[in-house]
């Protein structure tokens, strides 16, 4: 393994750092602390490493002071924590003078090595090194860093492209000031349509439809196999795949594990409720999906009420859809949720005493906010239902702001701000 590591370090030090489309993600960095990037696979964590490396180069840092290694390289499949010392020795062995300078180590998908945190802590304590790690598990990284680093880490979550970033990838102009002429409105509405269809995974932005669908389905398969089945030692592939597919095909729907277990059993997929609860937690840990609880002060009621579950990306949902129906409203709601979650906001859904509802409630710097999502207000009954939910919820937080996000309608009604999705998404890009 020593020879393999020395070869990989040598290759890494001479390899050209790829150029990437800039992201708006604020990577949290501080001298003496490990920067940790977490998020679903293929959301751009590696590109953010490269973006950071290029920023360091632009600031005058010499190339030989930057090392990037990907632990999903098949040549590192058998590496153990004891072997990782050869990384340090090969790096400084190539240029001993670097011992006296600050160097930067970027370790991608490091959680594949058991007890990796012991190595990282030692490097942090003994070398003049800044370290950035990436991983596709929220709990695994947070647990290990929490025990080994003792407050010496800063975490940044990485999500698929925001709408503003999507426009940048697609070459769509976004005015610097939020003043939009007719041409801008048309272009941004058209971009929003593409965003809801394609989603925000960077790699698929220019793909043809058939390739796009295949790639996103493969993303899901990798999460299922590596981040759920292999990582947690599960053997029921059919149940894991069925649950992941159900979540992708039913974004934002209330999920009853009891009913789903019965439905799977009728379809010949043997599984129990406890397994599905575990799988749901593992899929959440891998950033594949996010459960949203009912808004209630009672912890018990929050726990016993069914959760709404959103997939990580609207494109991922459409990649698993049958194509028979196209629930544009669900995709719109999913895009709104993703923007809120990527902005670091904890959201709940509301069920009022009158049995009406609001899609999202959250608290930000301006106070409590209610957000309702509806594709169109053209139907009188639909519009009345959406406004009734916002009105019924107001006693919960009387001073809360109220917003209704639609496809293309705009204005104000009954104290509710009505805003088209393209404008709302630009206002709620990555805030965290």
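Brief remarks follow.
- Selection count where residues are surrounded by 11 or more Cβ atoms within 10 Å (Cβ to Cβ), touching a helix residue (DSSP H, G or I) at 6+ places or on another chain (Cβ under 8 Å) and under 21 Å from residue 332 (Cβ atoms), scope region 150-184: 13
- For first residues located in region 21-36 and on the phi > 0 side of the Ramachandran plot, partners that are surrounded by 13 or more Cβ atoms within 10 Å (Cβ to Cβ) and at pLDDT below 90 and lie 6+ apart or on another chain with Cβ distances below 8 Å form the pairs 32/152.
- Region 43-74 - residue that is in a helix (DSSP H, G or I), touching a residue at least 40 places away in the same chain (Cβ under 8 Å) and more than 28 Å from the chain's Cα centre (by Cα) and, of those, surrounded by the most Cβ atoms within 10 Å (Cβ to Cβ): 64
The values are calculated or read from the model by the stated rules, or taken from the named source; none is laboratory data. In this text, all values refer to a predicted model and were calculated from it rather than measured experimentally. Ideal geometry is used to build each Cβ from the backbone, glycine not excepted, and the neighbour counts take in all protein chains shown.
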